[in-house]
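The values are calculated or read from the model by the stated rules, or taken from the named source; none is laboratory data. Values in this document were obtained by computation on a predicted structure and should not be read as measured data. Heads up: the accessible areas ignore ligands, DNA and RNA and are worked out on the full protein's heavy atoms, side chains in. Shrake-Rupley method; radii C 1.70, N 1.55, O 1.52, S 1.80 Å.
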Amino acid sequence: MKNFDLQRFVRVLRLDFAAGWQQLLWCLLAMLMGYLFFFWFAYNIGMKVDTVNDWESYIKSVCEGVSAFSIISWYFYCLATASTLYHGEQKKAKRMAWLMLPATNVEKFLSRWGYMLAVALGGFLMFFVADAIHAAWLWLSGKPVIAATPHFLAIFPQTSNFAPHETWVNVLSLYSVLIAGHAFFLLGGIFFRRFQPVVTAIVGITLFLVIAHFITHDQPYLRGIPYVWYHGAATVFFAALACVFTVLSYRLFCRWQIATFNFVNLP
């Protein structure tokens, strides 16, 4: 049997979506409710609405705050999705059915990764739905209609946002850190059998603090390194970490057994 067959992969992917469509809908609904809650919170907990004189400026500040909280929440949502991607397979019956599925490990791994991508993308798109609902509410209430989407998209780092002495390596270094964090949570979701998001977060925060100490601390060997070289090295380092975590996730996934330890997925 070939290691990867497109038709077989599509069948596995359809099986994953058929088995997880309800969970996918609940995740999207939860994200939509979360975004709408941010809008409600910004209006009711921030400045008192009765004292607003300039609605246009007030709504703009609300959109800016909601966008910042939403993008951060979406990233944590992606981390939680990655760490619970194989939550159902932690039970013996589902694990046995998964291992007996007539497909290669590559096809199974890529199929579940595609499902994770769909869940993450769906959670991202729910912000635009929430923004449309918010805009409709503004229109119905006779207030200035201001979309939060431009503020939401502007949060993504762009080279134009940096000072002249800074370069595009800032963007790459930040994205490499975020991707490495996501890959680490994927590894934790495959390695741990219980409380995957919590345990992975504790281990990840500890590892991050150790790495950050050596990268950001004023170490003698870091003095005099050019700015571009510093962030370029950080980009390569975290990109390499992301690759290592992904490869380890796949290798550990290939070694899954029906009978494992109670807390970790080791044979």
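Pairs of lysine in the stretch 25-127 with Cα under 20 Å and at least 8 positions apart or on different chains: total? Each step should come with its number before you reach the end.
Working: Lys48/Lys60; Lys91/Lys108; Lys92/Lys108; Lys94/Lys108.
Lysine pairs meeting the criterion: 4.
Mean residue ellipticity at 222 nm, helices only, the chain: -25000 deg cm²/dmol; runs of at least 4 DSSP H residues each add -39,500 (n - 2.57), and the sum is divided by the number of residues. Debye-formula intensities of the stretch 56-179, expressed as log10 I(q)/I(0) at q = 0.21, 0.23 Å⁻¹, are -1.19, -1.29 (one equal scatterer per alpha-carbon, no solvent).
Each listed q (0.10, 0.19, 0.24 Å⁻¹) maps to a log10 I(q)/I(0) for the stretch 1-117, found by the Debye formula over equal Cα scatterers with no solvent: -0.48, -1.01, -1.32. Students often get this wrong, so try it: which of [x] 15.2; [y] 13.4; [z] 18.8 is mean projected area of the Cα convex hull in nm² as calculated from the structure shown? Matching entry in [x] 15.2; [y] 13.4; [z] 18.8: [z]. For Trp256, Trp21, the ranking by accessible surface with the largest value first comes to Trp21, Trp256, using a 1.4 Å probe. Applying a length cut-off of 20 Å (Cα extent along the axis) and a mean Kyte-Doolittle floor of 0.5 to the DSSP H helices of the chain leaves 6-45, 55-83, 105-140, 169-191, 196-216, 227-254.
Quick one: with all protein chains in place, what share of the accessible area of the stretch 44-147 is carbon or sulfur, to the nearest percent (1.4 Å probe)? Each step should come with its number before you reach the end.
Details: 3750 of 5400 Å².
That share works out to 69 percent.
Solvent-accessible area per residue for the stretch 55-183 at a 1.4 Å probe radius, Å²?
Working: 6370 Å² over 129 residues.
Per residue, the stretch 55-183 has an accessible area of 49 Å².
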